[in-house]
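Here the structure comes first, spelled out in structure tokens, and everything after it is commentary.
Please treat every number below as a calculation from the coordinates, not as lab data. Here the structure is a predicted model, which means the values were calculated and not measured. Note that each Cβ is placed from the backbone with ideal geometry, even for glycine, and that neighbours are counted across all protein chains shown.
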Amino acid sequence: GIASYGYSAAVSIRKDLKTTYAKIIADVYQYEENIKTFMIKNEWMEKPPVALNRDKLAQD
């Protein structure tokens, strides 16, 4: 996934590959945003997943 592209960009000495990986990561991010919007629109997902509020859990 994106982590593999990030790692590859970090260890590559070729600047052209780093640019390519950056473009791929941006494309994947945009694709994920489009899918999220599509799923919310079709009521397949109510809202994006969020982290639990651990402070509130500790109080309960």
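What full-extension length gain, to one decimal in nm, is calculated for residue 26 and residue 46 as 0.36 nm per residue of separation minus the Cα-Cα distance?
Going from the current span to full extension adds 4.7 nm.
Quick one: which residues, 5 or more positions from residue 45 or on another chain, have an amide H under 5 Å from its amide H? H modelled 1.01 Å from N in the peptide plane, none for Pro or chain starts.
Amide H to amide H, under 5 Å and 5 or more residues apart or across chains, residue 45 pairs with 40.
Placing unit charges on C-beta atoms (Lys and Arg positive, Asp and Glu negative, everything else neutral), compute the dipole magnitude of the chain about its Cα centre in debye, rounded to 20.
300 debye
For the stretch 13-27, take each phi angle, set θ = phi - 60°, evaluate the Karplus expression 6.51 cos²θ - 1.76 cosθ + 1.60, and give the result in whole Hz per residue in order, putting x for glycine and proline.
Once rounded to whole Hz, the list reads 8, 8, 5, 5, 5, 4, 5, 4, 4, 4, 5, 5, 4, 5, 5.
Note the listed values (1) 12.5, 35; (2) 17.3, 53; (3) 19.9, 59, then indicate which one is Rg and Dmax of the Cα atoms in Å calculated from this particular structure.
Label of the calculated value: (2).
Give a quick list of chymotrypsin sites (Phe, Trp or Tyr not before Pro) in the stretch 1-48 that DSSP marks as loop, anything other than H, G, I, E or B, with at most 16 other Cβ atoms within 10 Å.
Within the stretch 1-48, the qualifying chymotrypsin sites (Phe, Trp or Tyr not before Pro) (loop, at most 16 other Cβ atoms within 10 Å) are 44.
Sum up the charges of everything whose Cβ sits under 11 Å from the Cβ of residue 34, counting Lys and Arg as +1 and Asp and Glu as -1, but leave residue 34 out.
The answer is -1.
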